[in-house]
Amino acid sequence: MDDGFLWVLILLGSLVMLMAIGVVLLWRIVRLLKAARSAPVASASGDLAELKHEERAHNRHFEEFLAEDPSRAQLLKSEQSAAFRQWRQDRGFTWGR
């Protein structure tokens, strides 16, 4: 056998292996996309609505916190946050609900 012919066989074999790997990867990507497409969208909308509700409640509590003592607005942000956490804890509010 000629050395040139051997190199051609090696290159063709390598090319076939790379193509097989590419086909497998494409097949996995298509499967993942189909799975993502069929995932329920309603749960994401529900989670977003719940987050917005929690954010509104948080903002309402923070406004109440500042209204009780207007000098709290003059505190540094770190002090304000610590005081707000303590205020929420004293009233039995939890961050997750």
Looking at the stretch 64-77, can you tell me whether even one residue there is under 30 Å from Arg91 (Cα atoms), touching a helix residue (DSSP H, G or I) at 6+ places or on another chain (Cβ under 9 Å) and either of a type in the set (Lys, Arg) or not assigned by TED's automatic domain parsing to the domain that holds Gly92 (or both)? yes
What number of residues within the stretch 25-40 are of a type in the set (S, T, N, Q) and modelled with pLDDT of 95 or more? 0
May I ask you to verify whether Glu50 is of a type outside the set (Val, Ile, Thr) and at pLDDT below 80? yes
Residue within the stretch 45-68 that is of a type outside the set (A, V, I, L, M, F, W, C) and not in a helix (DSSP H, G or I) present: no
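The values are calculated or read from the model by the stated rules, or taken from the named source; none is laboratory data. Just so it is clear, the model here is predicted, and its values are computed rather than measured. All Cβ positions, glycine included, derive from the backbone under ideal geometry; neighbour counts span all protein chains shown.
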